[in-house]
Amino acid sequence: MTKFEKKENDMQNAFIEDELLEYVWVATEERGNANTEAMSEKFGKETLKVVLSEMIEKKLITNHNSVIHLTEAGQKKAMQIIRRHRLAERLLNDVLGVSDEVFERGACQFEHFINEDITASICSLLGHPTVCPHGKNIPPGECCSHAKRKLQPVFGPLSRLRTGVKAKVVYISTGSQESLDFLSSIGVVPGLAFIVHHRKPSLVIRFGETQLALDDDIARYIYVRIITR
Ligand SMILES: [Zn+2]
Ligand SMILES: [Zn+2]
């Protein structure tokens with residue numbers, strides 16, 4: 001095996017290790033245990049054997065009569081993977097409006113590449129959600145306990161903002177080219193920072209010298225990130 005092949009191989013196994021940790025976590029959550037028989041169907045007998053013995057050596061799991069349990073270290077690691085996976089699901093589902101089967105695939109890849117800091121940012125952006133779109137628990141992170149008192153999302157449609165809130169346009173979700181053209185012609189484009197001048201009787205935002213009244217019908221398609229409330 002060349003050095004490169006070895007690296008590839010190690011990466012592949014790390015990837016499978018993550019998937020296995022996740023699998024054991026979910027199987028335990030759903031059925032109370034995880035057995036190797038069901039796993040070898042999913043991962044292939046040979047691969048499973050290699051990766052499982054590596055994981056036993058690393059003290060991430062134990063294997064008693066083909067029933068796999070997570071050790072404390074394994075549990076900790078799996079919890080982080082599950083957290084990333086379910087937050088990714090929320091992000092893709094709530095923010096990007098990605099459909100169920102697409103996000104299932106997307107989330108599975110995503111969770112391997114986002115680090116702790118990004119995970120915390122996503123969690124804060126979404127208001128520290130406690131369940132995934134399928135209603136399963138999202139294990140809380142450190143950011144969640146810091147934020148216990150103000151569990152409001154920092155991201156959402158402009159139509160939900162109150163007077164005085166400062167925010168920045170992140171994206172515009174309308175499928176209508178006409179609305180997009182209209183909004184960009186009046187300067188409402190991603191990146192625009194503004195303040196909600198007043199909310200009633202109609203929504204008026206202010207940026208620079210400009211004051212702009214927006215219909216709720218349009219404002220609910222404009223997604224913003226709150227800067228200060
Ligand atoms: Zn889910
Ligand atoms: Zn959080």
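Looking at region 169-178, is at least one residue of a type outside the set (V, I, T), at pLDDT 85 or above, more than 16 Å from ligand 2 (Cβ to nearest atom) and not in a helix (DSSP H, G or I)? Yes, some residue in region 169-178 is of a type outside the set (V, I, T), at pLDDT 85 or above, more than 16 Å from ligand 2 (Cβ to nearest atom) and not in a helix (DSSP H, G or I).
Here's the yes/no breakdown for (1) assigned by TED's automatic domain parsing to the domain that holds V98; (2) crowded, with 16+ Cβ neighbours inside 10 Å:
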residue: E22; (1), (2): no, yes
residue: W25; (1), (2): no, yes
residue: T28; (1), (2): no, yes
residue: M39; (1), (2): no, yes
residue: L48; (1), (2): no, yes
residue: M55; (1), (2): no, yes
residue: N65; (1), (2): no, no
residue: R86; (1), (2): yes, yes
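Within region 67-76, if we keep just the residues that are crowded, with 20+ Cβ neighbours inside 10 Å and closer than 29 Å to H128 by Cβ, the residue that is nearest to ligand 1 (Cβ to nearest atom) turns out to be L70. For region 42-75, the candidate set comprises residues that are in a helix (DSSP H, G or I) and of a type in the set (G, A, S); within that set, the residue that is nearest to the chain's Cα centre (by Cα) is G74.
Out of all the residues in region 154-163, is one or more more than 19 Å from L214 (Cα to Cα), open to solvent by less than 30 Å² (accessible area, probe 1.4 Å) and modelled with pLDDT under 90? No, because not a single residue in region 154-163 is more than 19 Å from L214 (Cα to Cα), open to solvent by less than 30 Å² (accessible area, probe 1.4 Å) and modelled with pLDDT under 90.
The set of residues in region 110-145 that are closer than 23 Å to S173 by Cβ, assigned to a helix (DSSP H, G or I) and either modelled with pLDDT of 85 or more or more than 14 Å from ligand 1 (Cβ to nearest atom) (or both) comprises I118, S121, I122, C123, S124, L125. Consider T62 carefully, then state whether it is under 25 Å from N137 (Cβ atoms) and among the hydroxyl-bearing types (S, T, Y). Taking the combined requirement at face value, the residue satisfies it.
The values are calculated or read from the model by the stated rules, or taken from the named source; none is laboratory data. Owing to the predicted nature of the structure, the values given are computational and were not obtained by experimental measurement. In this analysis, Cβ positions are derived from the backbone assuming ideal geometry, glycine residues included, and neighbour counts consider all displayed protein chains. Ligands, DNA and RNA are stripped out before the accessible areas are found, and what is left, the full protein with its side chains, is counted by its heavy atoms. Shrake-Rupley method; radii C 1.70, N 1.55, O 1.52, S 1.80 Å.
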